[in-house]
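The structure under discussion appears below in the form of structure tokens.
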Amino acid sequence: MPTAEGLFLKVLGSLNEAQARWLVAREVVARGRGGLKAMHELTGMSRPTILRGVRELKASRLPTAGERVRRPGAGRKRLEEQDAGVLRALRRLMEETTAGDPMSLLRWTCKSTETIAEELRGQGYAISADTVGRRLREWEYSLQANVKTKEGHAPADRDEQFRHINGQVKRFLRRGAPVLSVDTKKKERVGAFKNAGRTWRPKGEPQEVNIYDYPSLAVGPAIPYGAYDVGRNEGFVSVGVSHDTAEFAVESIRRWWRVYGRRQYPAAAALLICADGGGSNGSRNRAWKYFLQHFADEFGLEVTVCHYPPGTSKWNKIEHRMFSFISLHWKGEPLVSYETIINLISTTRTQTGLRVRAKLDPRPYEAGVKISDDDMKGLNLRSHRFRPEWNYTITGR
């Protein structure tokens, strides 16, 4: 459904020059302080033109019915009417860099209209920031406040790494090869503990849970490690019961491949994994690469790994494509048992077609496993030219 701003712009586009000026002026008067700035940014109409409309409104100089302000076809044509290529270039640029496009393979940044116009001018299009802003508003983009998602200062080559990941994702999907976004969801305590959120229940019959959430009252920990299939919009979660280690992370990917991956991608010889830069699947975690080599050897796969830069884990697809919906699905439900957790995860669905499966991994995993220099030298690992610490390929032997 179009937004209020989108509807306003559609009405505005149906008016002649004077009527549009008066409509915008009316909004400025109605909004009061800050109205001129807001309407200038929304419509792209110049401030002198808007102020002229305000003066005309106050003088009650409205048009008579059928009055024409200009001859048909008069006035300067819009840039996009003169050169349709600029719209294609702008659309392509926004698809690569938008922070709000849900279909983008990678969401990563929000550029100012002046920066976007400058990039388009570099491609040979004479376009202004106001024109860029007007077209984006017509496409129902909007200016949005910052959201707390970054976990630290942006490292060098942050944006370039996002472009590298995006390029790798597109290349693998074109080949029909699997692309996995992986991560560990927040560790949960299993037991009759309060879970944030509310559920529909008979009045006066809330579910009773423990007053305290001491670890001694828990059945044990639940460690959900997820693998989200970007191309198929499907997910798998392995729920561990001991420690979130690199061995557990790779075993979760192995379980996905054994049960689902190799059946859904019977001809695949390569796999792309997009992972955070830290934790059990961190870029500097030796055990992660060591156990990935075992996985690649077992199935004869070429495993390419691209890590998100430090402080950007919230951009990982699995966070907003799968984990967020699992959290919504089980909100208000006490996670009283492992069976409850598995059932709640496995019944997570969305209108866009997301399907999630889950299995319990009862194996104990030892924390603090050390991988020697000799073990690392034995890996069949090829580092990429760009940021080799973040991008590499491990080939099965």
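Of all residues in segment 342-357, those that are assigned to a loop (DSSP other than H, G, I, E, B) and among the β-branched types (Val, Ile, Thr) total 4. Set side by side, the residues Trp257, Trp288, Trp315 differ, and just one is hydrophobic (A, V, I, L, M, F, W, C) and either surrounded by fewer than 21 Cβ atoms within 10 Å (Cβ to Cβ) or at pLDDT below 95 (or both), which is Trp315. When Ser280 is tested against (1) at pLDDT 95 or above; (2) among the hydroxyl-bearing types (Ser, Thr, Tyr); (3) assigned to a loop (DSSP other than H, G, I, E, B), exactly one condition is not met: (3). Taking Ala65, is it at pLDDT below 60 and in contact with a Cys (Cβ under 6 Å, 6 or more places away or on another chain)? No: the conditions fail for Ala65. Looking across segment 338-361, just one residue is acidic (Asp, Glu) and either over 18 Å from Ala227 (Cβ atoms) or at pLDDT below 95 (or both), and that is Glu339. From the residues in segment 260-276 that are in contact with a strand residue (DSSP E or B) (Cβ under 9 Å, 6 or more places away or on another chain) and farther than 17 Å from Trp288 by Cα, which one is surrounded by the most Cβ atoms within 10 Å (Cβ to Cβ)? Only one residue fits best here, namely Gly261. Picking from residues in segment 6-16 that are exposed (fewer than 13 other Cβ atoms within 10 Å of the Cβ) and part of a helix (DSSP H, G or I), the one that is modelled with the highest pLDDT is Val11. Which one is farthest from His294 (Cα to Cα), of the residues in segment 347-374 that are surrounded by fewer than 17 Cβ atoms within 10 Å (Cβ to Cβ) and small (Gly, Ala, Ser)? Out of the qualifying residues, it is Gly353. Pairs linking a residue in segment 293-312 that is over 18 Å from Asn380 (Cα atoms) to a residue that is assigned to a helix (DSSP H, G or I) and charged (D, E, K, R), with Cβ atoms under 7 Å and 6 or more positions apart or on different chains, are Pro309/Arg158; Thr312/Arg158. In segment 232-253, the residue that is nearest to Lys186 (Cα to Cα) out of those that are more than 25 Å from the chain's Cα centre (by Cα) and not in a loop (DSSP other than H, G, I, E, B) is Gly240. Inspection of segment 322-334 identifies no residue that is within 24 Å of Thr395 (Cβ to Cβ) and surrounded by 21 or more Cβ atoms within 10 Å (Cβ to Cβ).
Residue-wise test of (1) of a type in the set (Lys, Arg); (2) within 25 Å of Val303 (Cα to Cα); (3) touching a residue at least 24 places away in the same chain (Cβ under 8 Å).
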{"position": "Phe162", "(1), (2), (3)": "no, yes, yes"}
{"position": "Gly176", "(1), (2), (3)": "no, yes, yes"}
{"position": "Asp183", "(1), (2), (3)": "no, yes, yes"}
{"position": "Asn210", "(1), (2), (3)": "no, no, no"}
{"position": "Asp244", "(1), (2), (3)": "no, yes, yes"}
{"position": "Arg254", "(1), (2), (3)": "yes, yes, yes"}
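Within segment 285-341, track down each residue that is assigned to a loop (DSSP other than H, G, I, E, B) and charged (D, E, K, R). Answer for segment 285-341, where residues must be assigned to a loop (DSSP other than H, G, I, E, B) and charged (D, E, K, R): Lys331, Glu333.
The values are calculated or read from the model by the stated rules, or taken from the named source; none is laboratory data. Since we're looking at a predicted model, the values are computed, not measured. A quick note on method: Cβ atoms are made from the backbone with ideal geometry, for glycine too, and the neighbour counts reach across all protein chains shown.
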